[in-house]
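The values are calculated or read from the model by the stated rules, or taken from the named source; none is laboratory data. Not measured: the values here are computed from a predicted model. Note that each Cβ is placed from the backbone with ideal geometry, even for glycine, and that neighbours are counted across all protein chains shown. For accessibility, only protein heavy atoms count, side chains too; no ligands or nucleic acids. Shrake-Rupley method; radii C 1.70, N 1.55, O 1.52, S 1.80 Å.
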Amino acid sequence: MYQSCLFAEMFLYCFYGNEVILKSDKLTQSAFMCGWADAPKEFKQNLIIFMTRTQFPIELSAAGYFKLSIDTFKSIAKTTWSYFAVLKQVYE
């Protein structure tokens, strides 16, 4: 039960971290799709600055060591299962 709760909590952080990465990756394209052709010059300049700053997706990290994503969750789950299998063999 405890392990299931830990995995669920870890999955939620990684899932929503992955969603932030995916959504922020689409910001530049979404900004380009707005009706900027008929906009004033100041808006166009601000749009260029915004698009330049959003070229790289936002990544949430855990304690600055690794980014929170589905790939990270898969890696953690695989490593945890490997450690569990080794410990089970040692103690049997």
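Please report the relative contact order for the chain, taking Cα pairs under 8 Å with a sequence separation of at least 6, and give it as a percent rounded to a whole number. Walk me through the intermediate numbers first.
Values: 57 pairs, mean separation 34.8, N = 92.
Across the chain, relative contact order equals 38 percent.
With θ set to phi - 60°, apply the Karplus curve 6.51 cos²θ - 1.76 cosθ + 1.60 along the stretch 64-77 and write out the HN-Hα couplings as whole Hz, x wherever there is a Gly or Pro.
Result, rounded to whole Hz: x, 9, 8, 7, 8, 8, 5, 4, 5, 4, 4, 5, 5, 5.
Ignoring any ligand, DNA or RNA, what whole percent of the accessible area of the chain comes from carbon and sulfur when the probe is 1.4 angstrom?
Here it works out to 64 percent.
Just how many % of Cα pairs in the stretch 34-81 lie over 14 Å apart, if you round to the nearest whole percent?
The calculated P(r) of the stretch 34-81 puts 67 percent of pairs beyond 14 Å.
Which FRET efficiency value, to the nearest 0.05, is calculated for Met51 and Tyr91 with the Förster distance at 41 angstrom and r the Cβ-Cβ distance?
0.15
Taking the chain, how many lysine pairs are there with alpha carbons less than 30 Å apart, if each pair must be eight or more places apart or span two chains?
For the chain, qualifying lysine pairs total 14.
Kindly report the accessible area of the chain per residue (heavy atoms of protein chains, probe 1.4 Å, no ligands, DNA or RNA), in Å².
Details: 7740 Å² over 92 residues.
Here the residues of the chain average 84 Å² of exposed surface.
So I have [x] 105, 20, 13; [y] 47, 23, 21; [z] 73, 22, 18, and one of them is Cα extents along the principal axes in Å calculated from this model. Which one is it?
[z]
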